[in-house]
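Report on one structure; see the data block that follows.
The values are calculated or read from the model by the stated rules, or taken from the named source; none is laboratory data. This is a predicted model, so every value here is computed, not measured. Here the Cβ positions follow ideal geometry from the backbone for every residue, glycine too, while neighbour counts run over all protein chains shown. All accessible areas refer to the heavy atoms of the entire protein, side chains included, with ligands and DNA or RNA removed. Shrake-Rupley method; radii C 1.70, N 1.55, O 1.52, S 1.80 Å.
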Amino acid sequence: MSVADGFVYRAFDAIDSTNKEAIRQIESGASSGFWITAKIQTQGRGRRGREWVSEQGNLYSSLIYDTKHDVYQSSQLSFVTALAVRDTIAEFVVEEKDIKCKWPNDVVVDQKKISGILLESVSAKNGTPDLMVIGIGININHHPELSSYNATHLNEHNDVLYNPMDVFFILTQKMAYWLNVWQEQGFTEIRKKWISHAIGMGKIIAVRLPNEELEGRFVDLNSDGALKLEIDTNDGLNEVRLIHSGEVFFNIPNE
Ligand code: BTN
């Protein structure tokens, strides 16, 4: 197998981080459509400055992508990527598994996190426009035991042992597909599809923000990708808050 048409690809054995390598590649002139993978990352980066544990056996990949300078496009891209990851995982796990998108860009199987997405924006030194680095990690053969959330890995949910590259080549196809849907039909279509796979919509959730924790009902996904949270105010009225970044926690039986 190989990467989907229109992409180029470079594989590394061990590297600090595929996102960092993508940034270095941009600085030396790489352009949109360039994929990087590594078998091991020694400084895997997660969201909020966290470490992404990156031992051999899982997929670590980054794609350089040109969003044509549009800030809104960058936040939309995170949902485009989550759909591609969700569809990739759906190709490999047994059919009855519940594969959902968790705001903003996680994918969960049986409510456990199986992948992580980290978008970074880069201005190349040589005057070329801003490019996005889309970092995607998918747990294939193992997952970390963490206190902060429940995790899982792909080979826990099928009868065959897949390797990271099997998954990577399908991921490139799914990314090509969803990037094309986004370019042709816009975010409306992405939003609709993401909602159809979302976990927790209509439910009471907790959202952890840098300085506060909110509880409320996850009523909708805004047209810019923000989470709409309906909160009971003390005076008995409801207020809808738009959450642009934060961490979401559920306690959802039977989902
Ligand atoms: C998260 O915290 O959920 C995001 C994790 C993103 C991890 C991926 S692995 C490939 C790419 N390289 C990195 O250093 N991070 C991303």
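Within the range 32-41, if we keep just the residues that are in contact with a Ser or Thr (Cβ under 8 Å, 6 or more places away or on another chain) and either touching a residue at least 40 places away in the same chain (Cβ under 8 Å) or more than 10 Å from the ligand (Cβ to nearest atom) (or both), the residue that is farthest from Leu77 (Cα to Cα) turns out to be Ile40.
Please determine, by comparing only the residues of the range 16-31 that are within 15 Å of the ligand (Cβ to nearest atom) and free of Cβ contacts under 8 Å to residues at least 40 places away in the same chain, which one is nearest to the chain's Cα centre (by Cα).
So the first thing to find is which residues in the range 16-31 are within 15 Å of the ligand (Cβ to nearest atom), and the list is 16-26.
Narrowing further to those that are free of Cβ contacts under 8 Å to residues at least 40 places away in the same chain: 16, 20, 24-25.
Numbers: Asp16: 20, Lys20: 17, Arg24: 22, Gln25: 21 Å.
The qualifying residue nearest to the chain's Cα centre (by Cα) is Lys20.
Please work out which residue is farthest from the ligand (Cβ to nearest atom), limiting yourself to the range 46-86 and to residues that are under 12 Å from the mean Cα position of the chain (by Cα) and polar (S, T, N, Q). If we take residues in the range 46-86 being under 12 Å from the mean Cα position of the chain (by Cα) and polar (S, T, N, Q), then Gln76 is farthest from the ligand (Cβ to nearest atom).
Could you please find all residues in the range 44-80 being touching a helix residue (DSSP H, G or I) at 6+ places or on another chain (Cβ under 7 Å) and closer than 20 Å to Ile195 by Cβ? Within the range 44-80, Gln76, Phe79, Val80 meet the criteria. Among Asp87, Asp16, which is closer than 16 Å to Val167 by Cβ, open to solvent by less than 40 Å² (accessible area, probe 1.4 Å) and of a type in the set (Asp, Glu)? Within the list Asp87, Asp16, the selection yields Asp87.
Anything in the range 38-63 that is assigned to a strand (DSSP E or B) and buried (at least 23 other Cβ atoms within 10 Å of the Cβ)? List them, or say none. Selection gives Ala38, Gln41, Asn58, Leu59, Tyr60, Ser61, Ser62, Leu63. Listed conditions (1) closer than 16 Å to Gly135 by Cβ; (2) surrounded by fewer than 21 Cβ atoms within 10 Å (Cβ to Cβ); (3) at pLDDT below 95 are all met by Ile26, apart from (2). Of everything listed in (1) within 20 Å of Ile117 (Cα to Cα); (2) touching an Asp or Glu at 6+ places or on another chain (Cβ under 9 Å); (3) surrounded by 13 or more Cβ atoms within 10 Å (Cβ to Cβ), the single unmet condition for Ser148 is (3).
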